[in-house]
Amino acid sequence: MSNNHYFQVAIIGGGISGTALLYTLARYTDIKSIALFEKYGEVGSVNTNAKSNSQTLHCGDIETNYTYEKAKKVKRTANMLEKYALQHGYGGEHIHKVTKMALGVGDEEVAYIKARYEEFVPFFPYMELWDEEALAEIEPALLEGRKEPIIAMGAKNEYSAVDFGAIAKSFVTNAEKESKKEVSVFLDTEIKAMKTRGDKTVLQCDKGEFFADFVVVDAGAHSLLLAHQMGFGEEYSCLPIGGSFFYAKKNILNSKVYTGQNPKLPFAAVHGDPDLVKDGIARFGPTALALPKLERYRASHFLDFLNSLSPDEAVLKVFYDLLKDDDIRDYIFRNFIYEIPGIRRNEFVKELKKIIPNIKADEIEFAENIGGLRPQVIDKVKKKLLLGEAKIETDIGVIFNMTPSPGATSCLGNAEVDTKLICDYLKQEFYAKKFKDELE
Ligand SMILES: Cc1cc2nc3c(=O)[nH]c(=O)nc-3n(C[C@H](O)[C@H](O)[C@H](O)COP(=O)(O)OP(=O)(O)OC[C@H]3O[C@@H](n4cnc5c(N)ncnc54)[C@H](O)[C@@H]3O)c2cc1C
């Protein structure tokens, strides 16, 4: 903790986005003083925590909701995170090799997975196509009681599971090891407001005022709230989507099993995998439910939600377009039911039978207080729900990031983009070769 109140760069939010940026600035630039402000007592405790997300390194190979172009983009950033983790000896500790697959069920999906495999294998040469015989050996539960044909494209020996919370903590530890740098981490410090004063941005909190030449806001769903308070990002609205999980009482799955995606639906289909932080448990999910708050399981002001959503005609048009589609309406209704105690596991198990046909309702339980919140962004100008990340750049040395899935996988790629913007603005050097040599 520093007594200094001026920094070249200040980062608001100690999730994986903010901590990855802290590490990147400390290791790959000549910027001397960097501060990170996190409102809770530890970093990586909100959506980045292993209990909040699906713990998947999204490479684009098994995510059937990604196009080939998106897969190429995420693969590059996923590789960066893998390289970082292995370089620091976290293989088997924070990042794990878990067999992964995209499962096709029924004639239509089988044909789809075969075609997708042919399209994707040149870029992901380690991928294999597994027929029923191969799957019966790899994951027998997928076959027991199965009537429809199935197939999967998958890989056995790739890093696919990550404890992003542990990685976030490691970014801070490793940033603090960089010599000749002043890296200051302020925990239990919530930035309440930001203002410009001269050529600096002032951050206000209970500990007083802090000043920075450049500020990056990586505050999850709160990023847009802070942007709106400063008069930026009025063209965006934030729709927080909670995602819950169900536990299977026994270790029913050994692999990450993703399922085929209805292209109309805005979020990835339900999947199952062994939990990294709870021994002998498989998790299924996440569900998707719009929630009127910016943070799950913690008190949060309804007015903050309203400010961040800033409902108007454009937002209502997006809701109307979503709700007029039968498939999306049904999806929203089902996901609402999955939250209702008493009926939720009987309903959710119907969806799970696509993965494990013989699974019964009494073999699963709702995972209480597990699953975070995705700050999905609505572009009010295009009147569209955006499915990936969004960035608000300003000309006053402030950036606001909104990072729903796969934001944890992409943390170093996003940090690279912001680092270049910061270095350009502050006329500091980005050690691009060192970054490339170590992380690409
Ligand atoms: C159900 C679910 C499943 C997911 N699965 C995956 C997955 O498998 N793979 C993947 O790559 N991604 C996944 N994601 C997305 C991933 O979790 C997020 O993209 C990632 O955690 C975002 O990190 P972040 O640092 O931007 O935000 P967060 O982790 O939300 O961190 C933001 C931080 O900012 C702090 N903060 C907020 N306001 C302030 C303030 N005013 N002052 C100071 N600090 C503040 C918060 O306390 C918090 O620590 C999933 C998300 C969900 C919800």
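Every number in this text was worked out from the coordinates using simple rules, so none of it is lab data. Computed from a prediction, not measured in an experiment: that's the story for all the values here. Heads up, the Cβs are rebuilt from the backbone with ideal geometry, glycines too, and the neighbour counts pull from every protein chain shown.
Among the residues of the stretch 374-406, the ones that are part of a strand (DSSP E or B) and touching a His at 6+ places or on another chain (Cβ under 9 Å) come to 1 in all.
The strands (runs of 3 or more DSSP E) located wholly in the stretch 1-120 that include 2 or more residues which are among the β-branched types (Val, Ile, Thr) occupy 6-12. Of the candidates Lys51, Lys39, Lys32, the single residue that is near the ligand (Cβ under 6 Å from one of its atoms), of a type in the set (D, E, K, R) and surrounded by fewer than 24 Cβ atoms within 10 Å (Cβ to Cβ) is Lys39.
Contact map, the stretch 45-62: residues that are within 16 Å of Lys256 (Cα to Cα) and among the polar types (S, T, N, Q) paired with residues that are assigned to a loop (DSSP other than H, G, I, E, B) and within 10 Å of the ligand (Cβ to nearest atom), Cβ distance under 7 Å, separation 6+ or inter-chain. Pairs shown: Asn53/Asn47; Asn53/Gly372; Asn53/Ala408; Ser54/Pro286. Taking the stretch 294-320 as the range and being touching a residue at least 40 places away in the same chain (Cβ under 8 Å), surrounded by 14 or more Cβ atoms within 10 Å (Cβ to Cβ) and more than 16 Å from the ligand (Cβ to nearest atom) as the test, the residues that pass are Leu309, Ser310, Ala314, Val315, Lys317, Val318. Of all residues in the stretch 365-379 being out of contact with any Lys or Arg (no Cβ under 6 Å at 6 or more places or on another chain) and either of a type in the set (A, V, I, L, M, F, W, C) or without any contact (Cβ under 8 Å) to a residue 60 or more places away in the chain (or both), which is nearest to Ala268 (Cα to Cα)? The selected residue is Val377. Could you please give the count of residues in the stretch 277-293 that are buried (at least 21 other Cβ atoms within 10 Å of the Cβ) and more than 15 Å from the chain's Cα centre (by Cα)? Of the residues in that region, 3 qualify. Once the stretch 407-435 is narrowed to residues that are more than 16 Å from the ligand (Cβ to nearest atom) and part of a loop (DSSP other than H, G, I, E, B), the residue that is surrounded by the fewest Cβ atoms within 10 Å (Cβ to Cβ) is Lys427.
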